[in-house]
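In what follows, a single structure is set out as structure tokens and then discussed.
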Amino acid sequence: MAEKEFKLPDVGEGVAEGELVNWLVAPGDTVTEDQPVAEVETDKALVEVPSPYNGTVKQLHVEEGQMVPVGDVIVTYDVPEEGDDGSGESAESTEDEVETSADADTDADAGATSGESATTDSDAGSTDEAPEPSSGRVFAPPSARRLARELGVDIAAVEGSGPGGRVSEGDVRAHAESGESGDAGAAGGESSGPKQVDIGGKQSAVSRKDGEDADGATAEAVAGSAPSSVEAAERDRTLAVPATRKAAEDAGVDLDDVPTDETRDGEAFVTTEQVQGYAQAVKEAKAAEAEEAAAGDEGGAPARSAAAGNGAAASREPESVPYRGVRRTIGQQMEHSKYTAPHVTHHDTAVVDELVDVRADLKERAAERDVRLSYMPFVMKALVAGLKEFPYLNSELREDDEEILLKKEYNLGIAVATDAGLMVPVVKHVDEKSIVELAAEVNDLASRARERKVSREEMQGGTFTITNFGAIGGEYATPIINYPETAIMGLGAIDERPVAEDGEVRAAHTLPLSLSIDHRVIDGAEAGQFTNFVMERLENPSLLLLE
């Protein structure tokens, strides 16, 4: 056997360092070439780092959460040398064993991955050929293996529907929903414990990891539903950074149950401090209930009060959260835009009763094509019509060249809230696509952005941006321009509001609009004219047929 060192590669164009968010292997694990061994977050994306060797993990040189410069050693492998006895046999058995050992070990050691479960099959990084029926090997891409770990499914027990029996993410989900995934856990004994499950954004409330240090007792103490004395939030969706999700899994609590007043991009946002405070409160409340049960009613209530008080005190301790990776990139971009372009925001409201009726009529027809039709494609079409009429809103100011570039392409960025912050995938050539095509593309990009699977290329080339803060019930805002663009349109919630017409007040569906412009390039009058032009098409959607 020979030792081989693996240095952190350049996982993105021009990236100098990355945060090692999660190890997918542990010392002693057998790995194959191209098998993901770690998740690394850079200032651009969260990526899986594949192994360059077939061999055994000897040592991990970096802790989770540590920033690692590109070129630093992160893993040492024991790799079979050429000429070793049975080398060919060993290589074949290595590939067989990794399917079970790597998945089993990462279930116990790897932290929760960020984002929601993937829903798109991907064969990237997999070069396996079709297996022989007797080989016992499992053929699945990294995304399917990752989903299997998240759902607590034994990948070896999943029946693959792809060529040569390849297992897709759909196969893993079908297996999990059939209820067969529990067999693997039972075979492993109680030590495997329940795993945190994330299906459609809702996680199970129980997670347990045995064989850890003293902190492992916390997970056992809080596993199960929270005591009645501790209030659980019971949300359907919660945003958190990977380190916080890891802390929740280690503590055995459900992120959706952790109380929080913080929000990020309109979604509830939980910090590690809040997870720890909630876990401590649950632990102490359970301990108090146990003492009360043992001692009877006498003295039980004070014990519970003290426990709750201690939990509240612990939650007041400040916490330092790293400001780096994607979060830092977003912050730098917002700062550069706000302090470079003088922002002015123009507000108005469109009465969209006809649009509501048209969308209702077309919704079922779109569903027949497996497309969910929202209002966004109609807004995009109306905006492109306005951008063609008022080209300065589809421009870029090049100060060094002393010129304004009026762009002839209409590529609209769609702001999407994710665990890591706001991401803006771009729909290219909006003017060349139908309403249904736009709906399908927006749904796909938004879904993959939330799962952190959108590529850098898909977030570049935008000429104008839309942010839909109305999805959480807001009306007006002052959006920050996605620099170097010169304008951004914010959409409020479409809802019934009182409208005065001909001396009468009636309830009408209205859409609040907030247009922010770079006042160096666009005058206020032009912003108002552009908004009126767009509103006319939203209020009379039949005009979109002329575009």
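Could you pull out the residue among Ala471, Ala440 that is farther than 20 Å from Glu335 by Cβ, open to solvent by 50 Å² or more (accessible area, probe 1.4 Å), small (Gly, Ala, Ser) and out of contact with any Lys or Arg (no Cβ under 7 Å at 6 or more places or on another chain)?
Going through Ala471, Ala440 in turn, the sole match is Ala471.
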>> Quick check on my filter: what residues within the range 378-433 are in contact with a Ser or Thr (Cβ under 6 Å, 6 or more places away or on another chain) and among the polar types (S, T, N, Q)?
In response: Asn394, Ser395, Asn411
>> Exactly one condition in (1) closer than 20 Å to Asn468 by Cα; (2) open to solvent by less than 40 Å² (accessible area, probe 1.4 Å); (3) touching a residue at least 40 places away in the same chain (Cβ under 8 Å) is false for Ile488; which is it?
In response: (3)
> Out of the range 403-424, which residues are modelled with pLDDT under 95 and not hydroxyl-bearing (Ser, Thr, Tyr)?
Replying inline: Ala415, Val416, Ala417, Asp419, Ala420, Gly421, Leu422, Met423, Val424
> Are there any pairs with C-beta distances below 6 angstrom linking a residue in the range 439-450 that is in contact (Cβ under 8 Å) with a residue 12 or more places away in the chain and within 13 Å of Pro377 (Cα to Cα) to a residue that is open to solvent by less than 40 Å² (accessible area, probe 1.4 Å) and in a helix (DSSP H, G or I), with the two at least 6 apart or on different chains, and if so which?
Replying inline: Ala439/Pro377; Val442/Met376
> Counting just the residues of the range 411-423 that are among the hydrophobic types (A, V, I, L, M, F, W, C) and either in contact with a Phe, Trp or Tyr (Cβ under 8 Å, 6 or more places away or on another chain) or assigned to a loop (DSSP other than H, G, I, E, B) (or both), which one comes out surrounded by the most Cβ atoms within 10 Å (Cβ to Cβ)?
Replying inline: Leu412
> Which numbered condition trips up Ile480, out of (1) open to solvent by 40 Å² or more (accessible area, probe 1.4 Å); (2) among the hydrophobic types (A, V, I, L, M, F, W, C); (3) more than 22 Å from Leu445 (Cβ to Cβ)?
Replying inline: (3)
> Is there a residue in the range 494-504 that is open to solvent by less than 50 Å² (accessible area, probe 1.4 Å), more than 21 Å from Val427 (Cβ to Cβ) and over 29 Å from the mean Cα position of the chain (by Cα)?
Replying inline: yes
> Taking the range 424-437 as the search range and keeping residues that are assigned to a helix (DSSP H, G or I) and within 14 Å of Met376 (Cβ to Cβ), which one is least open to solvent (accessible area, probe 1.4 Å)?
Replying inline: Val430
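For the range 64-94: of the residues being of a type in the set (S, T, N, Q) and modelled with pLDDT under 55, which is surrounded by the most Cβ atoms within 10 Å (Cβ to Cβ)?
Selected residue: Thr94.
The values are calculated or read from the model by the stated rules, or taken from the named source; none is laboratory data. For clarity, every value in this text was computed on a predicted model and none was experimentally measured. When we count neighbours, we look across all protein chains shown, and the Cβ atoms used for this are built from the backbone with ideal geometry, even at glycine. Heads up: the accessible areas ignore ligands, DNA and RNA and are worked out on the full protein's heavy atoms, side chains in. Shrake-Rupley method; radii C 1.70, N 1.55, O 1.52, S 1.80 Å.
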